[in-house]
1. Given (1) surrounded by fewer than 17 Cβ atoms within 10 Å (Cβ to Cβ); (2) at pLDDT below 95; (3) more than 26 Å from residue 71 (Cα to Cα), identify the lone condition not met by residue 163.
2. Can you tell me which residue is surrounded by the most Cβ atoms within 10 Å (Cβ to Cβ) among those in segment 64-98 that are in a strand (DSSP E or B) and not aliphatic (A, V, I, L, M)?
3. What pairs come out if I take residues in segment 86-98 that are farther than 19 Å from residue 17 by Cα and pair them with residues that are at pLDDT below 75 whose C-beta lies under 7 Å away, six or more apart or interchain?
4. Let me spell it out: the conditions are (1) at pLDDT below 95; (2) within 17 Å of the chain's Cα centre (by Cα), and residue 168 meets all of them except one. Which number is the exception?
5. Within segment 103-159, track down each residue that is farther than 30 Å from residue 70 by Cβ and among the hydrophobic types (A, V, I, L, M, F, W, C).
6. Suppose we keep only residues that are in contact with a Leu (Cβ under 7 Å, 6 or more places away or on another chain) and among the small types (Gly, Ala, Ser) within segment 1-34. Which one would you say is nearest to residue 126 (Cα to Cα)?
7. Name the residues in segment 35-55 that are under 21 Å from residue 93 (Cβ atoms) and assigned to a helix (DSSP H, G or I), would you?
8. Would you confirm, using the coordinates I've provided, whether residue 123 is of a type in the set (D, E, K, R) and at pLDDT 90 or above?
Amino acid sequence: MKITKAVFAGSSTRVSQRPQRKLPEFAFIGRSNVGKSSLINMLTDNSTLAKTSSTPGKTRLVNHFLINDRWYLVDLPGYGFAKMPNAERKQLSDTINDYLDNSGELALLFVLIDSRHDIQRNDLEFIETLGRDGIPFAIIYTKCDKIGPEALKAQMARNEAALLEQWEEMPPVFTSSAPAAAGRREILDYIDSVLKTL
């Protein structure tokens, strides 16, 4: 798949506020500062589509981007929240849960994991809830340019072992690097394959 058109379609805190046009949605989520906005900009080949920041917890809303007039790319807030008051943390959690529980158009959720680190407890807990709730998902390792190929292979093996303690088989897994545009074709082709099944 090649993205020829990507436009901002709206922000919301509740599913009831999202764009009225119903299309398949592919959402992206991960711990704060995992490189989600950079990945979205790389996939769409638009460096300013999603706002990037070195400050964790920048995304506070559910942002919809209309892709090729065919589907939505959805940028969700992070679940590994930055330091913030409890009320704000709860609000972000409520926003994420409302989307995951009530978005009937969600075709697939991409869970982003920083390739440089062991998978974290809140990653595992979040992924466990996806399985419990029957939400289809795939994993994308980010920032793979910042780790050597052998170290990346070893890190992914450790994370797979941790995941297989609660899963019988692995979900689809992709590697990516925003600066090198690595993983773009594989991820977009997978989205295209899912679209063809809908």
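The values are calculated or read from the model by the stated rules, or taken from the named source; none is laboratory data. Not measured: the values here are computed from a predicted model. Positions of Cβ are generated from backbone atoms using ideal geometry, with glycine treated the same way; all protein chains shown enter the neighbour counts.
1. Against the list (1) surrounded by fewer than 17 Cβ atoms within 10 Å (Cβ to Cβ); (2) at pLDDT below 95; (3) more than 26 Å from residue 71 (Cα to Cα), residue 163 comes up short only on (1).
2. Filtering segment 64-98 for residues in a strand (DSSP E or B) gives 64-67, 71-75.
Still in the running and not aliphatic (A, V, I, L, M): 64-65, 71-72, 75.
Details: 64: 22, 65: 21, 71: 21, 72: 25, 75: 23.
Restricting to residues being in a strand (DSSP E or B) and not aliphatic (A, V, I, L, M), the top hit is 72.
3. That search, which allows pairs on different chains as well, returns 89/81.
4. For residue 168, the exception is condition (2).
5. Residues satisfying the conditions are 119, 124, 147, 151, 152, 154, 156, 157.
6. Among them, the one singled out is 30.
7. Within segment 35-55, 36, 37 meet the criteria.
8. Working: of a type in the set (D, E, K, R): yes; at pLDDT 90 or above: yes.
For residue 123, the condition - of a type in the set (D, E, K, R) and at pLDDT 90 or above - is met.
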